[in-house]
Each structure stands twice: as structure tokens, then as C-alpha cells.
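**Q** Sending over a structure as C-alpha cells; questions will come in a sec.
The values are calculated or read from the model by the stated rules, or taken from the named source; none is laboratory data. None of the values given here were measured: they were computed from a predicted structure. Counting neighbours? That spans all protein chains shown, and the Cβs are built from the backbone with ideal geometry, glycine included. To get the accessible areas, we keep the full protein, side chains included, count just its heavy atoms, and leave off ligands, DNA and RNA. Shrake-Rupley method; radii C 1.70, N 1.55, O 1.52, S 1.80 Å.
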Amino acid sequence: MSAAGDPMNHRLKRTTLIVISIVTLIIATTLSHAQRPETGVRLIFMEPESTAVSDTMPIYKPVTDTSRLRLYGTWTENQPAQWAIQLYAKAREITDTQQVRQAALSDYYVALVEGGNNAAVGFRLRGSSGVQSYPDLPYIKLAPEDWVFTTTFLHETGHVVLALFNGGREVPKREIASIQHSTAALTDRGTAFDEGFAIHLETLAA
């Protein structure tokens with residue numbers, strides 16, 4: 001199949017056009033706030049359900065311990081984390097579509113996972129009324145360490161934003177190199193676009 005007729009290329013081009021048309025608005029909006037504006041976003045901290053056996057989507061349970069929630073809240077009291085939250089809020093406003101409307105617009109789901117440092121799409125959450133599925137909702141997996149929220153949080157939020165713009169799907173990409181996320185690695189356009197967008201957020205923050 002030619003590159004022109006490749007469905008993945010068409011999806012990537014569509015996502016690229018959407019991002020180009022609105023990323024300037026997002027950056028201008030977030031950079032214009034010298035202080036910490038109220039975004040209305042509520043971070044929902046989750047952790048893996050230890051007894052879960054999932055063949056499709058991971059199952060998490062919400063963190064409910066108040067002392068832990070207070071601690072995690074202090075981890076977001078830095079400029080890069082606040083910018084990430086603002087970006088997420090603006091992206092959810094723009095992409096209020098059926099794919100993501102299941103969850104409240106104010107909720108940003110953060111899974112605290114040992115070794116976690118990536119965005120993902122689709123999960124299940126066990127609450128008091130049972131298990132709720134969010135198959136098309138992007139979320140973030142982060143290691144439960146304070147420093148992660150000064151660097152990785154913003155980067156991975158970039159991936160979450162792109163997945164929102166892409167209708168609740170990750171940016172299409174091909175695994176064409178054994179070494180990834182490196183300037184020395186050969187990569188496809190999807191990976192370059194996805195990682196480039198996330199990295200440029202860190203550059204702007206710096």
C-alpha cells in the first residue's frame with residue numbers, strides 16, 4: 001500500500017491538523033496566567049487493584065486515604081504540574097465528545113504505578129457501586145514519587161492531550177526500532193510527532 005493510501009497516515013494527518021489549529025490557543029492561554037488559575041480539574045488518583053485479572057483493560061481502585069491524598073496534592077504544587085493540569089482542562093473543553101463524555105470533564109485520572117511513566121487509553125475503575133469501564137478515556141500512569149510530578153507529569157500529559165484530540169485513541173505509530181525515545185533511533189512519523197509534542201512542552205516550561 002502506498003503512503004498516500006495508508007489509513008494510519010490519514011489518521012495521523014487528521015490529528016496533526018487538529019493539533020496545529022488549537023495548540024497555539026492552548027499555549028497562549030496557559031502561558032498568559034502568571035498565577036495558578038482555577039481550572040476546575042480534579043485529579044483522581046488510582047492504584048492497581050492487587051487481585052485484578054484483566055484481559056482487556058486494567059482495573060484500578062481510587063486512593064481514598066486522606067493523608068495520602070494530601071501528600072499527592074503537594075506533589076502538584078509546582079509550575080510544570082500546574083501547567084499540565086491547565087493543558088488537560090483546555091483539551092477536555094475542546095474535545096467534549098461522546099468518546100470521553102462518560103467521565104466528568106473535571107476529572108483527570110492518574111494511576112500511581114511503580115515504574116510508571118506513560119500515558120494510556122482505556123481502564124476500569126472499581127468503586128462502591130461496582131466496576132465502571134472507560135474504554136476510550138486517556139489517562140496517565142506515573143510512579144508514586146514527588147519528582148515525577150515536576151517533569152514526567154507534563155510530558156505524559158502531552159500524550160494524553162493528543163489522544164483526546166484523536167478521539168480517545170493513541171496517536172497511530174509503528175514499532176520500527178528496538179531503541180525508542182532517542183535521537184539516535186530511527187523512528188516513524190507517528191512516534192516522532194507524539195514524542196516531539198510531549199518534549200516541546202518540557203522545553204517551553206524550561
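**Q** Report the extension gain between ALA143 and ASN117 in nm, rounded to one decimal, defined as 0.36 nm multiplied by the number of residues separating them, less their alpha carbon distance.
**A** Value of the extension gain: 8.7 nm.
**Q** Now, a different point. Could you state how much accessible area GLU49 has, in square angstrom rounded to the nearest 10, with a 1.4 Å probe and all protein chains kept in place?
**A** About 30 Å², ignoring ligands and nucleic acids.
**Q** 5 Å is the cut-off here: which amide hydrogens, built 1.01 Å from N in the peptide plane, fall below it relative to VAL113, excluding neighbours closer than 5 in sequence?
**A** LEU142, ALA143
**Q** Something else: How many nm separate the modelled label positions at ASP107 and THR64, each set 7 Å beyond the Cα in the direction of the Cβ?
**A** Each label point is offset 7 Å from its Cα along the Cβ direction, giving 1.5 nm.
**Q** Another question, if that's okay. Using modelled backbone amide H atoms (1.01 Å from N, in-plane), which distant-in-sequence or interchain residues come within less than 5 Å of PHE123's amide H?
**A** Sorted by chain and number, the residues that satisfy this are TYR134, LEU137.
**Q** A 23 angstrom limit on the alpha carbon distance is what I want to check against. Which of LYS61/LYS173; LYS61/LYS141; LYS90/LYS141 exceed it?
**A** Going by Cα-Cα distance, LYS61/LYS173 fall outside the 23 Å limit.
**Q** Between THR203 and SER128, what is the label-to-label distance in nm when each label sits 7 Å out along the Cα-to-Cβ direction?
**A** In this crude label model, THR203 to SER128 measures out at 4.8 nm.
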